[in-house]
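Here, each number is a calculation from the coordinates, and none is a lab measurement. Here the structure is a predicted model, which is why all the values come from computation and not from measurement. Virtual Cβ from ideal backbone geometry, glycine too; neighbours counted across all protein chains shown.
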Amino acid sequence: MNMQPQEQGYHYGVMRRAIELIDAGGEGLTLDELAAQMDMSPAHFQRLFSRWVGVSPKRYQQYLTLGHAKTMMREHCTTLQTSLATGLSGSGRLHDLFLRWESMSPGEYARGGEGLVIYWGWFESPFGASLVMGTEKGICGIGFAAETGAEATMEDLVSRWPKAEFIEDPMMLRPWVTKAFGADDGTLGTAPLYLIGAPFQIKVWEALLSIPSGQVTTYSDIAQAVGNPRAVRAVGTAVGRNPVSWLIPCHRALRKSGGLGGYHWGLPVKRAMLAYESARAEG
């Protein structure tokens, strides 16, 4: 059963509270204790989580622990060089969406978006309120406001293309957004991406696009994949500047130790994304 956007946002709000409770109480919290602290009956709490991610709250609780990232590093770490060499980029990720993408030329990027018209709108997503931006060619920006706030999220994305013209038009973007967040609206098509960045950044983002859903990689492996193994710090910066969060899955980049590293829109969102994908893969 497909959920409406408002339901997705509500479910993320509940999940975010669960993350905070699990952080405070660990994996030992029972279903009854979690449900009580969120003012829900155990049955309603279990039904909500099972509907949202396809697994029980207890199993989902395990995905939300910090140790889950280390488990993913041991068991689900993909080799990007192999993925890129075998042409996996563009397939097998994000709810089996078909993504197509193209990038702005270096000269266009250097002009700061001058002459570019960017449409924007606010939408509910599985991870709370999201700001989506796009040109006529495709989605160029997705930001999440659950941790940073709406004003800061808007300022962040607008500042990336300071000379562009911005027009609020959620209806223009809605078909792409529906595909981006995995909903089935009964239509066929793609969620096109229009990558606006420097050449090195785009190489890093292309490498991120090759990571299948439910798997992770390391910053150093990304550096190897883009042909510059010593540029781990520069790769980390490019990952952090990824403008199309979720679709370009920078949340799947972890430290070698299994640590989460940083996340531009807040670590609770990154943890939620990894847990969501792991649960969906299991389901």
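Please state the shape class of the stretch 226-283: rounded when a/c is under 1.5, otherwise prolate if a/b exceeds b/c and oblate if not, all from the C-alpha gyration tensor.
Details: a/c = 1.92, a/b = 1.68, b/c = 1.14.
Because a/c hits 1.5 or more and a/b exceeds b/c, the stretch 226-283 counts as prolate.
Summing Lys, Arg as +1 and Asp, Glu as -1, what charge do residues with Cβ under 15 Å from the Cβ of residue 204 carry, residue 204 excluded? Walk me through the numbers on the way to the answer.
Values: positive: 203, 230, 233, 241, 252; negative: 206, 221.
That works out to +3.
Just want the ordering: 161, 122, from fewest to most Cβ atoms lying within 10 Å of their own Cβ. Intermediate values should be presented prior to the final figure.
Values: 161 23, 122 15.
By the 10 Å Cβ count, ascending, the order reads 122, 161.
Would you please classify the overall shape of the stretch 123-248 from the alpha carbon gyration tensor, given that a ≥ b ≥ c denote the square roots of the eigenvalues, rounded means a/c under 1.5, and beyond that prolate means a/b larger than b/c while oblate covers the rest?
Details: a/c = 1.80, a/b = 1.44, b/c = 1.25.
Verdict is prolate for the stretch 123-248.
Quick one: which of 107-113, 214-220 comes out on top by average Cβ neighbours within 10 Å, and what's the full order, highest first? Display every interim value, and only then the final one.
Working: 107-113: 14.1, 214-220: 20.7.
Highest to lowest by the protection proxy: 214-220, 107-113.
To make sure I understand, if each residue's beta carbon is the centre and we count other beta carbons within 10 Å, what order do 144, 123 fall in, fewest to most? Could the numbers behind the result be given before it?
Working: 144 24, 123 19.
Placing the least packed residue first, the sequence is 123, 144.
Distance in nm between label sites at residue 241 and residue 167, each 7 Å beyond Cα in the beta-carbon direction?
According to this spin-label approximation, the distance is 2.8 nm.
Using a cut-off of 15 Å between beta-carbons, work out the net charge of the residues near residue 111 (Lys and Arg +1, Asp and Glu -1, residue 111 not included). Show your work: numbers first, answer last.
Numbers: positive: 160, 163; negative: 108, 114, 165.
Residues near residue 111 contribute -1 overall.
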